[in-house]
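See structure below.
Values in this text are rule-based calculations from the coordinates and carry no lab data. Keep in mind the model is a prediction, meaning the values are calculated, not measured. Cβ atoms come from the backbone with ideal geometry, glycine included; neighbour counts cover every protein chain shown.
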Amino acid sequence: EEPSTETEANWEQLGPVLDEAVARLGAKDRDAVLLRYFERKDLRAVGGALGTSEEAARKRVGRALEKLRRYLTDRGVTLPATALATALSGSAVHSAPVALAGTISAAVLAGAAAAAAGSTFNLLNLMSMTKLKAGLLSAAIVVGAGTPVVVQHRSLSRLRAENRELREQSRQLEPFREGNQQLAALQADADELERLRKEVEELHRLRAEVAQLRREKEESARLAAQNAQLKEALAKFAAVAGKKPEPQKPEPEVLPLVWFDDAPLHDAIVTLARQAANLNLVFDPEIEPLLESSLSIRLENLTAQAALEAILSTNNLRLVKTPGTTWKRRDNTAEWPGDVVGITRKYKPAD
């Protein structure tokens, strides 16, 4: 039957200290443990080998097992009694410590000799052999029982030597393991540093992108404002372009000096009207006598229109855009290509 994984783990704890633990037991306790667990003898066989009953062998094995458990606990190997017994039973045949091989052989030989004696007695009864034949048969049985133990002893000695060599190699490799661990830690630190460096680079790149997006947003807002202004100006231009251009009126000329000296009022009015806007004058018949009066006036820095209005106001006259039907132009006044306006009294005299 192959040992379980848990049994193998327990044996991994027991192996390094088991030699010393068993060596500290008393002779009978040690024989009991070796016969019960390393030779896998039942309690009846253990009692026969020790010269006691099966019940006494059970108690001795239990006490020896408890002593082993307490010693192992002091050495840092903590196992319950049942787990210790299972570990010994499951792994003892394959991994018995070298230092116990001689002890195992002696105990087994002693037990085998006792068993051989019983077997010889039975054989003598059955075959009626002589004492010499019985002695030779007993010796053969004892040698046959001891031969596997010797082979096992040699094998365990070789395995134990290999185990010590491997432990020494493992001890020599310990500095390299520590170095490898340090290198692994350094590599982990280097990887972490590289990761942080990449994260910082990515952060800088994202910040640059955010700044670029902000500038583009501001530029877009500025262009949108300019576009709105251009649309407004274009609308105004289109509105202006749709209107008919108003005729440009020339700025009226400012006359530095307007001077009439004893001139007929009619001539002065007609002259200024023509010069102001090429007006064609018709007169109210009621003012005909007034038109024959003389006019003496001196005006400076006035337009012809302003001078005409000043002379008309001075003589209680005014311009009207809609003359009366009976109003007419004097015969000695030529017609101009301008509007026809009338001149009448500004205020009628009281009766």
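Annotations
- Relative compactness, the stretch 193-247, computed as alpha-carbon Rg over 2.2 N^0.38 Å: 2.37
- Residue exposure proxy: Val240, Val33, Val340, Val22, ordered by other Cβ atoms within 10 angstrom of their Cβ from fewest to most, comes out as Val240, Val340, Val22, Val33.
- Two-site FRET efficiency, Gln182 against Gln212, from Cβ-Cβ distance with R₀ of 51 Å, rounded to 0.05: 0.70
- Sorted by Cβ density within 10 Å, fewest first, the residues Phe176, Phe260, Phe38: Phe176, Phe260, Phe38
- Listing His266, His204 from fewest to most neighbouring C-beta atoms within 10 Å gives His204, His266.
- Whole-percent P(r), the stretch 263-317, all Cα pairs, 5 Å bins from 0: 4, 19, 34, 28, 13, 2, 0.
- Taking 0.36 nm per residue of separation and subtracting the Cα-Cα distance, full extension of the segment from Glu300 to Glu202 would add 26.8 nm.
- P(r) histogram, all alpha-carbon pairs of the stretch 189-308 included - 10 Å bins from 0, percent: 10, 18, 12, 9, 9, 9, 8, 7, 6, 5, 4, 2, 0
- For the stretch 254-345, the fraction of C-alpha pairs more than 20 angstrom apart is 29%.
- Euclidean distance of C-alpha centroids, the stretch 158-190 and the stretch 57-92, integer Å: 32 Å
- As a calculated quantity, the FRET efficiency between Glu174 and Lys28 at R0 = 45 Å, using C-beta atoms, amounts to about 0.60.
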